[in-house]
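K.L.:
Pasting in a structure now, in structure tokens, and then I'll have a few things to ask.
The values are calculated or read from the model by the stated rules, or taken from the named source; none is laboratory data. Values in this document were obtained by computation on a predicted structure and should not be read as measured data. FYI the Cβ positions are ideal-geometry reconstructions off the backbone, even for glycines, and counts take in every protein chain you see. For the accessible areas, the whole protein counts, side chains as well, though only heavy atoms, and no ligand, DNA or RNA atoms are used. Shrake-Rupley method; radii C 1.70, N 1.55, O 1.52, S 1.80 Å.
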Amino acid sequence: MVNSILGNHANLSALLAQSVNNTSQSSVSPSLHTSSDLQAINALHTNAPKITDELLSQLNNDTTDEALASDQKVEDVLQQQLISLFTISSTPSFNSYKPSNEELAVRTVITSQHAGLLKNENSTQLIERLNTSVKNIQGAYANTSDILSSLGQLGHEQKTFLASSQQRVERTLNPYMESLNRAKYEDDDNYLFELSVKTKEGDVINITFNSSQGYDEETGEAIDGFGISYEVNGNLSEAEHAALTQVMAGVGEMADEFFKVNENSFNPITVPNQSDMSLDFLAGFNSQQLAGFNVSFSTTQNDALDSGEDTLDLSYSIDEASNQQALVFKAESGKNDIDFALDMSTIGAKDTQQMQQYLASLDQSLEDSRVKSTEDSKDSAFGRKGDETMQQGFALFKGAFTSMSSAAERYSNLESLAEQQFNDGRAMIADLVDNMITNDARYQGLGNKAPNTLGPGISKLADFDATFSYVLDNGDYQPKSTIELSQVTEQAQLGDLSGVTQSKNVSSHFDYQYSRPDYYDKEESYNVGTAVKNKELVGLDQSHEVDVDTKIFEFNPQTNQYELQMAMQEQTISKSDIRLIDDIWLEENENSYSMHKKERDESDDKQDDFIETNRHSHTKLVTLIGDLDKLAENKNVRREYLTNLSQVNFFMDKK
């Protein structure tokens, strides 16, 4: 709606008003070029009574220019087509009075509505009748044109006559259609858009527009309102104006999707959703000129459409002092609530593989939390519509995550030399780790009991903390899905040893928040620590842990409460510690798995008892590879090796 409004301030009001009009005003009649209308016209053309033999013979015999130009001949054909729209029982008797074609067209609408009223049809059925009548009238005009064309008697004047007549019919029907439509939807429809942008210099730009539609029962008239304000607190430079325009373009596209309408012949229906929204414009946010922005969208629809109020609030900011960017998103639509937040550093590099790993981990977490908390069901606990809404919001969340990561990559290149070296240092260590775990044949690696969905090695992406939440208000049962993903990186220096530690964490949680106590909780973490000496990796510690906690309840009508049916806790831990000193490879691998499960005994005489199952496994492997003879034969070499090993271990433990 507001993609280009900053191009010319003088046209701001007109452009926004035009956009609102495009989405808020109803069409007089549907276009003849839509597929549904063409189907209706084709059906009418096939089923309508054919032109009488007498009139057809007369038209065939009239070959003079005067006959071809006669409006009367066109009117006769059109009148037969319009009369054919009346049912036998409703065909009017006009005696000696000959009504115009426009009168006939309007009478087809009125008689159809009267027939519906006699059948006690509701307002929805009456409006469907009205829609059908409009299409049938268009079909009558189209049939008339086709008949004259097939006879070679559709000239310019005939086309002009038909177009003028149809236009008069539409003008006549417009008040009737609008009145009936507004009478049905007499509660107001309101649209609100608010945007506030703050520059780094402290200037604030506020843009607000709203529009509304309603119906005044006393006057029987449609009420349309529109308001807009554009305020600048300060003076915008050319660079600030360009940065503001970029934000407005992205926000405008979001507004277009939020206020998108599907129109039938006379009624606009707003269907806000996040399916086609995008936060890609955050990747190009000009942090040199702008400090952040807040935007709010809202629509209030009448109860007849069963949509209630829809709101969307979004804020984004960059704090230069702390090198942090923050995004908060909240959308409410009917029974659906979507919330997500992203706090991310502005220091980071490009890491395509890790980004793909994180997105895949998010998808897996959503799959874990979206299904019902049963062992064999893969159906969404939110139902088809609720699940579709959640998926739309989740796609927007992932898009924001990638866009903010791109912004951090671009922004970090603008920082000071020391911060640039920080980023380069992490990148160098990340490459050393990746080379060891990918290419070194001696590497045993972490256990594969629970695959590491977070990805091994050190991520070069900016650190972040991300949370996504979806709640469905379903009466007594309010299923909620929450997904969290984070990355924290630290650097350390001790003597000639330096290193990076990084923690990656993802969790998915699902539960019914009110009367049903089912829940599913899964947490996964991957931690990596390194020690580097003379640009060589001498120490690498990794740990991967997955914890799953599930409880399933069933309703017992005899006790009128939910009772535990199954509870299970699982834990999988894999560790790998590597020291590579004096070309001697020392690796310790440790893997453990534990599970505790209790299930209600289904036996008739033991329904209050539980069957418990416990499992536990643990393995440990120490691998030493290298020229071990030199350690056994030369005590000085052995002493130096043990000293270096102790220093690396102390450095790793201290971190």
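K.L.:
Considering only the range 413-428, I want to know if a residue exists there that is within 20 Å of the chain's Cα centre (by Cα), under 30 Å from VAL251 (Cβ atoms) and either at pLDDT 95 or above or open to solvent by 10 Å² or more (accessible area, probe 1.4 Å) (or both).
P.N.:
No: the range 413-428 contains no residue that is within 20 Å of the chain's Cα centre (by Cα), under 30 Å from VAL251 (Cβ atoms) and either at pLDDT 95 or above or open to solvent by 10 Å² or more (accessible area, probe 1.4 Å) (or both).
K.L.:
Please tell me if LEU642 is over 47 Å from the mean Cα position of the chain (by Cα), at pLDDT 90 or above and open to solvent by 50 Å² or more (accessible area, probe 1.4 Å).
P.N.:
The answer is yes for LEU642.
K.L.:
Give the residues of the range 364-378 that are assigned to a loop (DSSP other than H, G, I, E, B) and either among the β-branched types (Val, Ile, Thr) or at pLDDT 75 or above (or both), sorted by residue number.
P.N.:
Hit for the range 364-378 is THR374, nothing else.
K.L.:
Next question. For the range 268-296, give me each residue that is open to solvent by less than 10 Å² (accessible area, probe 1.4 Å) and modelled with pLDDT under 80.
P.N.:
PRO268, THR270
K.L.:
I've got another one for you. I'd like the residue in the range 433-479 that is over 27 Å from GLY393 (Cα atoms) and among the β-branched types (Val, Ile, Thr) and, out of all such residues, is nearest to the chain's Cα centre (by Cα).
P.N.:
Here the residue is ILE458.
K.L.:
Evaluate the range 208-216: report whether one residue or more is at pLDDT 80 or above and of a type outside the set (Asp, Glu). Let's see the steps before the verdict.
P.N.:
So the first thing to find is which residues in the range 208-216 are at pLDDT 80 or above, and the list is 208.
Then drop every residue that is not of a type outside the set (Asp, Glu), which leaves 208.
Checked against the condition, which is being at pLDDT 80 or above and of a type outside the set (Asp, Glu), the range 208-216 yields at least one hit.
K.L.:
Here is a further query. Just a yes or no: is a residue in the range 575-587 under 27 Å from ALA326 (Cα atoms), part of a strand (DSSP E or B) and in contact with a helix residue (DSSP H, G or I) (Cβ under 9 Å, 6 or more places away or on another chain)?
P.N.:
No, the range 575-587 contains no residue that is under 27 Å from ALA326 (Cα atoms), part of a strand (DSSP E or B) and in contact with a helix residue (DSSP H, G or I) (Cβ under 9 Å, 6 or more places away or on another chain).
K.L.:
For the range 530-551, name all the residues that are touching a Ser or Thr at 6+ places or on another chain (Cβ under 8 Å), closer than 18 Å to GLN502 by Cα and open to solvent by 10 Å² or more (accessible area, probe 1.4 Å).
P.N.:
Within the range 530-551, LEU537, ASP541, SER543, GLU545, VAL546 qualify.
K.L.:
Return the only residue of THR299, THR346 being modelled with pLDDT under 90 and farther than 29 Å from VAL548 by Cα.
P.N.:
None of the other options fit; the residue is THR299.
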